[in-house]
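The values are calculated or read from the model by the stated rules, or taken from the named source; none is laboratory data. These numbers were taken from a predicted model, which means no experiment stands behind them. Note that we place each Cβ from the backbone using ideal geometry, even for glycine, and neighbour counts take in every protein chain shown.
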Amino acid sequence: MYDLIIFLLLVAIGYISGTIAERRHYRSIEKREQEILSMPLVSLKTQPRTGRTVRESRLVMGSAVISIDYFKRILAGLRNIFGGEVSSYASLVDRARREATLRMAEAAKGADLVLNCRVETSSIGQSANKRKMVGSIEALAYGTAIFYEEAG
Amino acid sequence: MIITSIESVPGKSIVEHFGLVAGSTVRAKHMGRDIMAGFKNIVGGELKGYTELLNDSRSEAVKRMLTQAEQKGANAVINVRFSTSSVAQGAAELYVYGTAVMVE
């Protein structure tokens, strides 16, 4: 009986705080994505021909570890029975990737563009090696920041 | 030391190749962080402790790669790639590799 109460309590806490945290995170992501619009992050390996000389180029990276809440984990567990798209994990992965990409862009502050952006994901943490369970995932974004010489 | 993730150093030309250089670390998190992470696993959200830990260990891996490149007499590492794998429960391996070159 107590087990059931604790379980329901965890689900409720997970649902409420998870939803609030996710909404807040998405708001912050969208706001910061607007700010970096002027700096293109591209997955090309060669720079576009601009005729400008490069002053500096360096590696930039950003990473984020995001964990899923208890409610969504239960939801995903149920999905394992019926099959189909696991949308509760989709938002987890999406948040981690976008956050990592933003941190990379922030590390490249002042750059004219970032070449060869790559995003990698790996699941880490307590449940990383357990079957059928994803607890938290890490997204790593990295690329080469290019700084051009001032025009004129 | 210049590090890039592309096949050249823009604005410079490669004069010599020294081959592959790599660096890696295997890190385990400590108990305090683990408890915090266990709590966060209920409410969801970012695990700041882990992010920090992974960032620290990744820069350590990069440092090891650079040491190796220095020993070979290189002044740049190009085409750098990262990879992560969890080797045991609670421990992650961070691996970074690239090509050591001399640029001018």
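Points to keep in mind about this one:
- Scanning segment A:67-101 for residues that are touching a Gly at 6+ places or on another chain (Cβ under 7 Å) and of a type in the set (A, V, I, L, M, F, W, C) yields A:Ile68, A:Phe71, A:Ala100.
- Odd one out for A:Val93, checked against (1) within 11 Å of chain B (Cβ to nearest Cβ); (2) within 15 Å of A:Ser136 (Cα to Cα): (1)
Per-residue answers, yes or no, for (1) facing chain A (nearest Cβ under 7 Å); (2) closer than 27 Å to A:His25 by Cα; (3) of a type in the set (Phe, Trp, Tyr):
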residue: B:Gly11; (1), (2), (3): yes, no, no
residue: B:Asn55; (1), (2), (3): yes, yes, no
residue: B:Val80; (1), (2), (3): yes, no, no
residue: B:Ala91; (1), (2), (3): no, no, no
residue: B:Tyr95; (1), (2), (3): no, no, yes
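- Some residue of segment A:27-37 being in contact with a helix residue (DSSP H, G or I) (Cβ under 6 Å, 6 or more places away or on another chain), closer than 27 Å to B:Ser57 by Cα and either in contact (Cβ under 8 Å) with a residue 12 or more places away in the chain or surrounded by 12 or more Cβ atoms within 10 Å (Cβ to Cβ) (or both): yes
- Filter pass, B:Phe18 being hydrophobic (A, V, I, L, M, F, W, C), assigned to a helix (DSSP H, G or I) and either at pLDDT 85 or above or surrounded by fewer than 14 Cβ atoms within 10 Å (Cβ to Cβ) (or both): no
- Long-range neighbours under 6 Å by Cβ, at least six apart or interchain, first residue more than 27 Å from A:Arg97 (Cβ to Cβ) and touching a residue at least 12 places away in the same chain (Cβ under 8 Å) within segment A:38-57, second among the hydroxyl-bearing types (Ser, Thr, Tyr) and surrounded by 15 or more Cβ atoms within 10 Å (Cβ to Cβ): A:Arg52/A:Tyr148
- Picking from residues in segment A:120-152 that are more than 12 Å from A:Ala100 (Cα to Cα) and modelled with pLDDT of 85 or more, the one that is nearest to the other protein chains (Cβ to nearest Cβ) is A:Thr144.
- Count of segment B:61-104 residues, restricted to those that are farther than 27 Å from A:Thr101 by Cβ, surrounded by fewer than 16 Cβ atoms within 10 Å (Cβ to Cβ) and among the polar types (S, T, N, Q), is 3.
- Of the residues making up segment B:1-15, those that are surrounded by 18 or more Cβ atoms within 10 Å (Cβ to Cβ) and either of a type in the set (Phe, Trp, Tyr) or in a loop (DSSP other than H, G, I, E, B) (or both) are B:Thr4, B:Ser5, B:Ile6, B:Ser8, B:Val9, B:Pro10.
- Residues (under 26 Å from B:Arg81 (Cβ atoms), touching a strand residue (DSSP E or B) at 6+ places or on another chain (Cβ under 9 Å), more than 9 Å from every other protein chain (Cβ to nearest Cβ) and of a type outside the set (A, V, I, L, M, F, W, C)) located in segment A:18-61: A:Pro40, A:Ser43, A:Pro48
- Subset of segment A:27-63 (residues that are among the charged types (D, E, K, R) and within 10 Å of A:Ile146 (Cα to Cα)): A:Arg55, A:Glu56, A:Arg58
- Selection over segment B:26-60 of residues that are surrounded by fewer than 19 Cβ atoms within 10 Å (Cβ to Cβ) and assigned to a strand (DSSP E or B) gives a count of 4.
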